[in-house]
Amino acid sequence: QVQLVESGGGLVQAGGSLRLSCAASGRTLSDYRMGWFRQAPGKDREFVTSISRYGSTTTYADSVKGRFTISRDNAKNAVYLQMNSLKPEDTAVYYCTAGRYYGSPYVADYWGQGTQVTVSS
């Protein structure tokens, strides 16, 4: 059981940067793998990135490799998504998630409410 609250979304120009934050409460954060998904209007939810319990392993969707970076600070009960070189195609609601299982692929069991990211061309 973990509660997740995202923040940091907003409007940014193409080529700009944005940093999303996820505040977690409940069980010890290191008990969970963490990840981000996103959903654009009229489209299915899309996996963006995940990070292992202590941050040693990260996985990225091909569409964001080299531009996005996930990180975590278990002491602060926080997860971050640094987004650089943003494109209009990145416009979506971004969800912070937590997963109970260690295997692959990443499975999200808990979801935040989402934060809107809009990238203008």
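The values are calculated or read from the model by the stated rules, or taken from the named source; none is laboratory data. Please read all numbers here as calculations on a predicted model, not as lab measurements. A quick note on method: Cβ atoms are made from the backbone with ideal geometry, for glycine too, and the neighbour counts reach across all protein chains shown. The protein model used for the area step is the full one, side chains on, heavy atoms only, and it has no ligands, DNA or RNA in it. Shrake-Rupley method; radii C 1.70, N 1.55, O 1.52, S 1.80 Å.
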- Task: Can you check what the net charge comes to around Ser30, using other residues whose Cβ is under 14 Å from the Cβ of Ser30 (Lys, Arg +1; Asp, Glu -1)?
- Result: +4
- For region 28-68 (alpha-carbon point model, no solvent) the Debye-based log₁₀ I(q)/I(0) at q = 0.15, 0.21, 0.24 Å⁻¹ works out to -0.42, -0.71, -0.83
- Message: For the pair Ala14/Gln113, report the inter-label distance in nm, with labels modelled 7 Å from Cα in the Cβ direction.
- Response: 3.2 nm
- Message: Within 10 Å, at most 16 other Cβ atoms, and a DSSP state outside H, G, I, E, B define an exposed site. Report the longest part of the chain free of exposed trypsin sites (Lys or Arg not before Pro).
- Response: 68-99
- Task: Using a 1.4 Å probe over the heavy atoms of the protein chains, calculate the carbon and sulfur portion of the accessible area of the chain as a whole percent.
- Result: 48 percent
- Item | Accessible surface, per residue, of the chain when the full set of protein chains is kept, probe 1.4 Å, Å² | 51 Å²
- Note on the structure: FRET efficiency (Ser7, Tyr102; Cβ distance; R0 25 Å; to 0.05) is 0.35
- Note on the structure: Excluding residues fewer than 8 positions from Lys87 in its own chain, the aspartates and glutamates with Cα under 19 Å of it are Asp44, Glu46, Asp62
- Note on the structure: Whole-percent tail of the Cα-Cα distance distribution for the chain, cut at 24 Å, equals 19 percent
- Query: To the nearest 0.05, how large is the calculated FRET efficiency for Thr28 and Ser56 if R₀ is 25 Å and r is the Cβ-Cβ distance?
  - Reply: 0.90
- What stretch of the chain, leaving out the sites themselves, is the longest with no chymotrypsin sites (Phe, Trp or Tyr not before Pro) in a DSSP loop having at most 14 other Cβ atoms within 10 Å? 1-53
- Item | Check: the chain dipole with +1 on Lys, Arg Cβ and -1 on Asp, Glu Cβ, in debye | 200 debye
